[in-house]
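Enquirer: Sending over a structure as structure tokens; questions will come in a sec.
The values are calculated or read from the model by the stated rules, or taken from the named source; none is laboratory data. What you see is a predicted model; the values in this text were computed from it and never measured. So basically every Cβ, Gly included, is an ideal-geometry build from the backbone, and we count neighbours across all protein chains shown. Heavy atoms of the whole protein, side chains included, go into the accessibility calculation; ligands, DNA and RNA do not. Shrake-Rupley method; radii C 1.70, N 1.55, O 1.52, S 1.80 Å.
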Amino acid sequence: MAQFGNQDFGTWGGVSFNKEVADDLKIDADFQVRTDYNSTRLNQCFLDLGAKYKVNKYFRTGISWRPRMTNNWSGYKLENRLYLDLTGKLKLNAINLYLRSRTQTTSNRNKENPTYERIRFKVKIKIEKGLKAFLQDEFFFHLNGTGTSNYNKNRFGLGFEYAISDYLQMNLKYLRITEVNQAYPLRMNVIALGLSCSIE
């Protein structure tokens, strides 16, 4: 049995590309695959296409579209997601503090179209040139849910970012994803590896 009780383990991997197309405006593309059931099953794969605009040194906005294929045991199905982001950043010497508000809506054929508000706190610390550590915690609120509480998931994470060159960056993180306000909550442990490339 791959899952043990309400515990599971998965691996996430992805590669992303970004390019500055105008002052303070970037476009990006991110492809990811994710597994579950102790990394024995492909859970989903998706492509994020988006844009980010730096309003000033404190605030950034973003929008992205995510077509994704999810494995629902009887086969794969296509879903579409839309994200709207507002991110605040405060720099304190070698420490950066972030607060992100993300509105997420998913389009499912013949199914509820859930909308979430996701609030993430993140702190990033410079260890040495090119190497940073980070700690984050994210709270998911199901805005059109029918439960007694809209808060239904937490995603805690920690990891490292390493600049391989001026254009290539690697990140490695551990995530602990916990369902909240449910009778038998699933706790998902994830190791995620990503590569990010900036295009001139």
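Enquirer: Any idea how many residues of the stretch 144-172 are touching an Asp or Glu at 6+ places or on another chain (Cβ under 9 Å) and more than 21 Å from Thr103 (Cα to Cα)?
Expert: Of the residues in that region, 5 qualify.
Enquirer: If we only count strands (runs of 3 or more DSSP E) wholly inside the stretch 100-200, which ones have 2 or more residues that are closer than 28 Å to Tyr58 by Cβ and without any contact (Cβ under 8 Å) to a residue 40 or more places away in the chain?
Expert: It comes to 115-128, 131-142, 151-163, 168-179.
Enquirer: Looking at Ile63, is it touching a Lys or Arg at 6+ places or on another chain (Cβ under 7 Å) and over 17 Å from Ile191 (Cβ atoms)?
Expert: Spelling it out, it is not the case that Ile63 is touching a Lys or Arg at 6+ places or on another chain (Cβ under 7 Å) and over 17 Å from Ile191 (Cβ atoms).
Enquirer: I've got another one for you. Can you tell me which residue in the stretch 129-170 is farthest from the chain's Cα centre (by Cα), limited to those that are of a type outside the set (S, T, N, Q), at pLDDT below 95 and open to solvent by 80 Å² or more (accessible area, probe 1.4 Å)?
Expert: Lys129
Enquirer: Return yes when Thr103 is open to solvent by 30 Å² or more (accessible area, probe 1.4 Å) and at pLDDT 95 or above and no when it is not. Break it down into steps so the answer makes sense when it comes.
Expert: Numbers: open to solvent by 30 Å² or more (accessible area, probe 1.4 Å): yes; at pLDDT 95 or above: yes.
The answer is yes for Thr103.
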